[in-house]
1. Pick out, from region 84-180, the helices (runs of 4 or more DSSP H) lying fully within it that include 2 or more residues that are more than 20 Å from residue 197 (Cβ to Cβ).
2. Name the residues in region 93-146 that are touching a Pro at 6+ places or on another chain (Cβ under 7 Å) and open to solvent by less than 30 Å² (accessible area, probe 1.4 Å), would you?
3. Any residue at all in region 244-251 that's among the acidic types (Asp, Glu) and within 22 Å of the chain's Cα centre (by Cα)?
4. Quick check, is residue 245 within 16 Å of ligand 1 (Cβ to nearest atom), part of a loop (DSSP other than H, G, I, E, B), under 27 Å from residue 89 (Cβ atoms) and open to solvent by 10 Å² or more (accessible area, probe 1.4 Å)?
5. Looking at region 185-203, I want the residues that are farther than 16 Å from residue 144 by Cβ and have a partner that is away from ligand 3 (no atom under 16 Å from the Cβ) and of a type in the set (Asp, Glu) with Cβ atoms under 6 Å, at least 6 apart or on another chain. Which pairs are those?
Amino acid sequence: MRRQGRRAAGLTAHDSPDSAVDSGLVVAAHGRHVVVETPDGTRVLCHPRGKKSDLVVGDRVRWMLTGDEGVIEALEPRRNLLFRQDEWRTKSFAANLDLLLVLVAGEPVFSESQLTRALIAAEQAGITTCIGLNKTDLPAAALARERLAPYVAMGIQVIELALKTDPQRSRATLQPLLAGKTTLVLGPSGMGKSTLINLLVPQAAAQVGEISVALAAGRHTTTTTTWYWLDGTRQAALIDSPGFQEFGLRQIEPPQLATLMPDFAAALGHCRFHNCSHRHEPGCGVREALARGEIAESRYRIYGELFDELSTKRW
Ligand SMILES: Nc1nc2c(ncn2[C@@H]2O[C@H](COP(=O)(O)OP(=O)(O)O)[C@@H](O)[C@H]2O)c(=O)[nH]1
Ligand SMILES: [Mg+2]
Ligand SMILES: [Zn+2]
């Protein structure tokens, strides 16, 4: 009753006398169940005020304890948000990221289209990206390395990992990259995401268990985005997120596409037509770059597929 009175009076966190409204970090979210971690590391099950909830892992919130549980009072402005969007819905991965790490491998063969989609979404969201080539112990790594050459050339960091067969070297490669950052790990299944989490987060299983208890929805946790601290001082974190398949990019307008692909962006400004689609127009700087080998054929093919996909009518 007292809390309601204060809210009705329009008081904010700053003028509440006993700081009943606290800051917190969303470490798991499943529908209207949100696990919030306080600055001292306590985790509280919270529910958003109101019907609609669009909170995601990585969100900073203001929340208030009511009984054993909490109510989310406000969402702090997001630095960034990584999401995918198909014709029907938007799916958010996480917010306030420093790095997106996309895991790929030679076996199973990774989809370059999926990789490109993730990189484009991150570019649009203003998030730095890195590609982790895992399973470099396998012969198939040679071809994967070749397929990644265009990405190295366009300035994306590509690191080599053998998470299972050379965990020590892999950890030594990853640690400086991840230090002090919030990193989202994405990758098609089979690339080694779980191996990576288990290598870097010894308490991973326990942390997941704790969250599934808090969410009271154990059966859902494998499909839930999860936040893991990498160190006791809680400076570095990994976010494991499912849902890499069907990476829709409907948030992007077709003319914007080339500007979000660094190898294409470098060739822009040399086209005869200012609204060049880089598909068939004469005097196209992008296609000249393709002819000179500065843009890889695979990238040009993926660009064309994406351009068509984003150009079709939505319904
Ligand atoms: N040869 C090899 N296999 C690996 C490596 N890392 C992971 N694997 C294997 O690849 C399979 C998929 O790994 P997992 O971590 O479950 O992939 P996830 O589906 O991305 O979570 C498992 O059988 C792992 O043991 C590696 O560096 N080399
Ligand atoms: Mg897995
Ligand atoms: Zn052009």
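The values are calculated or read from the model by the stated rules, or taken from the named source; none is laboratory data. Computed from a prediction, not measured in an experiment: that's the story for all the values here. So basically every Cβ, Gly included, is an ideal-geometry build from the backbone, and we count neighbours across all protein chains shown. Ligands, DNA and RNA are excluded from the accessible area calculation, which covers all protein heavy atoms including side chains. Shrake-Rupley method; radii C 1.70, N 1.55, O 1.52, S 1.80 Å.
1. Here the list reads 112-125, 141-153.
2. 110
3. Checking region 244-251: at least one residue is among the acidic types (Asp, Glu) and within 22 Å of the chain's Cα centre (by Cα).
4. Answer is yes for this residue.
5. 185/240; 197/240
Listed here are the residues, each with its yes/no results for (1) among the hydroxyl-bearing types (Ser, Thr, Tyr); (2) assigned by TED's automatic domain parsing to the domain that holds residue 64; (3) within 20 Å of the chain's Cα centre (by Cα).
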site: 112; (1), (2), (3): no, no, yes
site: 130; (1), (2), (3): no, no, yes
site: 141; (1), (2), (3): no, no, no
site: 168; (1), (2), (3): no, no, no
site: 173; (1), (2), (3): yes, no, no
